[in-house]
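One structure is given below, encoded as structure tokens.
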Amino acid sequence: MWVNRILTALALSLGFSAAGDSARAATCGPDALGVSRTIAIGAPIHVGLKTYPQTLDLKDHEVVLTFDDGPAPTTRRVLDALDAQCAKATFFLIGRNAAAMPQIVRREIADGDTVGSHSNSHPMLRSLPLAKAEADIDAGAAAVDKAAGGKESKFFRFPGFADSPALLSALDARKMPVFGADLWASDWNAMSAHEELDLLMGRLRRAKGGIILLHDTKKQTADMLPALLAALKAEGFHLVHLVPGDLAPATRPAPSGWKSETDATLRKMGVKGASDAMPVREQKEPAGQGM
């Protein structure tokens, strides 16, 4: 364990001082994390054990990196860190943020990352009237598509993971794969980069892999990412990249006794569960807040 701590401390000290341009120019050798394999994803599919009773059929110690709520100025540093390790991720973009920073979206595409949508204005969609929720989804997807030069994926993630049966059916009809997550970095909470790394790596060691949720809008996450990538490599994790496909991929079911952690969390926030959601009111939440 002390070896891992030394590697982590070294990665943090190196990662925090890396310059953006030099990271992009770095030549990746055998010590880089890289991508171990790619999975093509088509609809209909709803995956991620925090919300759904199934997830992608990942192998032991395989991880998928996903980022929500961007683009933002901090996204450039996230992309620099990924480039330095020849790593790829999936970015779920808020439509109005994509419209404001299309140059960052174009860089994500040029870097080989996958771009999906995360609604247009980041409301709790299950709390909206159905037609208004669908309109926000469509507006977000259109904004991301425009910013990406028509090269975005159909991938979608609900703000706060607040779906509903009706909205899932609407996304299935649009052939939009829906992603939850298997692990949270909980980076919506105030913490240092070191604390976030310790928290996430502890969760990863216990879970032995999965779809990870991070936020490229958070400075602490941008600070932490170089060290996370180095720690993944040092501890034998392998990076899986998701790309658009025609068919739904293989999945594996949740363990026995599974319950939705998302619904429990949302209920504490006063948001109804997916099974009893009746979208009747507007949730005014600023973009980039929370899950």
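The values are calculated or read from the model by the stated rules, or taken from the named source; none is laboratory data. Just so you know, these numbers come straight off a predicted model, no measurement behind them. Here the Cβ is made from the backbone with ideal geometry for all residues, glycine too, and neighbour counts use every protein chain on show. These area figures cover heavy atoms from the full protein model, side chains too; ligands, DNA and RNA do not enter into them. Shrake-Rupley method; radii C 1.70, N 1.55, O 1.52, S 1.80 Å.
If Rh is defined by the Kirkwood formula over all Cα pairs and Rg also comes from Cα, what ratio Rg/Rh do you get for segment 144-226? Let's see the in-between values first.
Working: Rg = 15.5 Å, Rh = 14.8 Å.
On the Cα set of segment 144-226, Rg over Rh gives 1.05.
Could you work out the equivalent-ellipsoid semi-axes for segment 94-234, taking the square root of 5 times each eigenvalue of the Cα gyration tensor, largest first, in whole Å? Working shown, then result.
On the way: eigenvalues 153, 68, 38 Å².
Equivalent-ellipsoid dimensions as semi-axes: 28, 18, 14 Å.
Can you tell me which of 58-69, 243-254 comes out highest on packing, and rank the rest after it, using the mean Cβ neighbours within 10 Å?
Details: 58-69: 21.4, 243-254: 13.3.
In decreasing order of mean packing, 58-69, 243-254 become 58-69, 243-254.
List the residues, sorted by chain then number, that are 5 or more residues from Gln54 or on another chain and whose placed amide H is less than 5 Å from its amide H.
The list, which skips near neighbours in sequence, is Gly48, Ala254.
Would segment 23-145 count as rounded, prolate or oblate if I go by the C-alpha gyration tensor, calling it rounded below 1.5 in a/c and otherwise prolate when a/b exceeds b/c, oblate otherwise? If you can, show how the numbers build up before the last one.
Numbers: a/c = 2.65, a/b = 1.35, b/c = 1.96.
Because a/c hits 1.5 or more and a/b fails to exceed b/c, segment 23-145 counts as oblate.
What does the accessible area of Lys218 come to, in Å² to the nearest 10, when a probe of 1.4 Å is used?
That residue has around 50 Å² of solvent-accessible surface.
If packing is taken as the mean number of other Cβ atoms within 10 Å per residue, what is the order of 41-48, 198-205, highest first?
Working: 41-48: 20.4, 198-205: 16.9.
Highest-to-lowest ranking by the protection proxy: 41-48, 198-205.
Check which residues have an amide H placed less than 5 Å from His215's amide H, if you skip close sequence neighbours.
Amide H neighbours of His215, under 5 Å, 5+ apart: Asp68.
So how strong a dipole does segment 48-141 carry about its Cα centre when Lys and Arg Cβ are +1 and Asp and Glu Cβ are -1, to the nearest 20 debye? Mind dumping the intermediate values first?
Numbers: 10 positive and 13 negative charges, 52 e Å.
With only Lys, Arg, Asp and Glu charged at Cβ, the dipole is about 260 debye.
Taking 7 Å along the Cα-to-C-beta vector as the label spot, tell me the Arg174-Ala135 distance in nanometres, rounded to one decimal.
Spacing of the two 7 Å Cα→Cβ label points: 1.4 nm.
Quick one: of Lys219/Lys259; Lys175/Lys208; Lys88/Lys218; Lys59/Lys208, which pairs are farther than 20 Å apart, Cα to Cα?
Correct reply: Lys219/Lys259; Lys175/Lys208.
Show me 31-38, 105-112 ranked by packing, highest mean number of other Cβ atoms within 10 Å first. The partial results should precede the final answer.
On the way: 31-38: 15.1, 105-112: 18.5.
My ranking of the peptides, most packed first, is 105-112, 31-38.
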